[in-house]
Amino acid sequence: MIAPTWESEDGTVTLYLADCLTVLPTLPAGSVDAVVTDPPFAFTGGMSFGRSSMADDQFFAHWWRDICTHLDRIAKDNAEGFIWCDWRTAATIARGFYGGQNYGMYLAQMLFHYREMPGQGQPFRSSVDMIAYVRGSKATGQRIANTTHNWISRYWYYGKHVYHPTEKDTEITKQLLEWCSDKGAFVLDSFMGSGTTGVACVQTGRRFIGIEIEPTYFEIAKRRIIEAQMQLRLPLSND
């Protein structure tokens, strides 16, 4: 096994500064309850296991298939999760989980986050993010009421954010966690970025395993998670 780069004192957070394809094969089978992650839509010059590609070509598809092979092994049969994607990568995300509904994880439905402002593009301006809902062969989706819409409307700025160019909203991430896991569950984010999923796990009582390849964002994620843990330990005000 690869030693974690950092672990919290209480053992609820484990972080790796590494390529996820180096770490994932070392994680125990059936050890993860949920997956909440935001894969890179385009490497744009970056590398992962010696491969560099754009999200809409064959190399991304092969790379993503390798990721899914490991996720199938690591995730429990009743695991659920959410994976951010876009119109270019949605089909590739689905095909990566090649086991199908009766074996391993599969893409069950698609959510849409309406960001309440126009983004880039022409003639139509982007205004939604796509979020794939995936689950294992024995998952039932019991935490999600069958009256729940597949549309989340919450303002989230198109442009530069504080911690990461593709930073996600913590409140939306917390909602996703409530839908796919229970308190105390092990949640995996193999593309941790600036640590939004980790912060949301701390705030909702989940255990977190995060992997990030870029040292700068790893340090940001680590700091944010530590700050979130410290915030929980602050005494309540009497005011």
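The values are calculated or read from the model by the stated rules, or taken from the named source; none is laboratory data. This structure is a prediction, so every number in the text was calculated from the model and none was measured. Here Cβ is always computed from backbone atoms with ideal geometry, including for glycine, and neighbour counts include all displayed protein chains. Protein only, heavy atoms only, side chains kept; ligands, DNA and RNA dropped before computing areas. Shrake-Rupley method; radii C 1.70, N 1.55, O 1.52, S 1.80 Å.
On the protein heavy atoms, probe 1.4 angstrom, tell me the percent of accessible surface of region 116-205 carried by carbon and sulfur.
Numbers: 2420 of 4720 Å².
C and S fraction of accessible area: 51 percent.
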* Structure fact -> Of the candidate values (1) 28; (2) 31; (3) 48, the one computed for percent of Cα pairs over 28 Å apart from this structure is (1)
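Show me the GluC sites (Glu not before Pro) within region 108-211 that DSSP assigns to loop and that have at most 16 other Cβ atoms within 10 Å of their Cβ.
Values: sites: Glu116, Glu167, Glu171, Glu178; in loops: Glu116, Glu167.
Answer in residue order: Glu116.
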* Structure fact -> Residues whose built amide H sits under 5 Å from the amide H of Ser137, excluding neighbours closer than 5 in sequence, are Gly104
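Which of the peptides 1-11, 222-232 is most tightly packed, and how do the rest follow, judged by the mean count of other Cβ atoms within 10 Å per residue?
Numbers: 1-11: 11.7, 222-232: 15.8.
Going by the mean number of other Cβ atoms within 10 Å, highest first, we get 222-232, 1-11.
Could you order Arg143, Arg115 so the one with the most accessible surface comes first? Probe is 1.4 Å.
Details: Arg143 70, Arg115 25 Å².
The ranking, largest first, comes out as Arg143, Arg115.
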* Asked: Can you give the % of DSSP beta bridges in the chain that are antiparallel, to the nearest 5?
  -> 50 percent
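Report the extension gain between Thr147 and Gln109 in nm, rounded to one decimal, defined as 0.36 nm multiplied by the number of residues separating them, less their alpha carbon distance. Mind dumping the intermediate values first?
On the way: separation 38, 0.36 × 38 = 13.68 nm, distance 1.43 nm.
Length gained, Thr147 through Gln109: 12.2 nm.
Quick check: residue separation of Phe59 and Trp6 times 0.36 nm, minus the Cα distance between them. What number comes out in nm? Show your work: numbers first, answer last.
Numbers: separation 53, 0.36 × 53 = 19.08 nm, distance 3.12 nm.
Gain on extension, Phe59 to Trp6, equals 16.0 nm.
Heavy-atom accessible area per residue, the chain, 1.4 Å probe: how many Å²? Walk me through the numbers before you get to the answer.
On the way: 12300 Å² over 239 residues.
Per residue, the chain has an accessible area of 51 Å².
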* Mind computing the radius of gyration and Dmax over the alpha-carbon atoms of region 61-157? Å is fine for both. => 14.8, 43
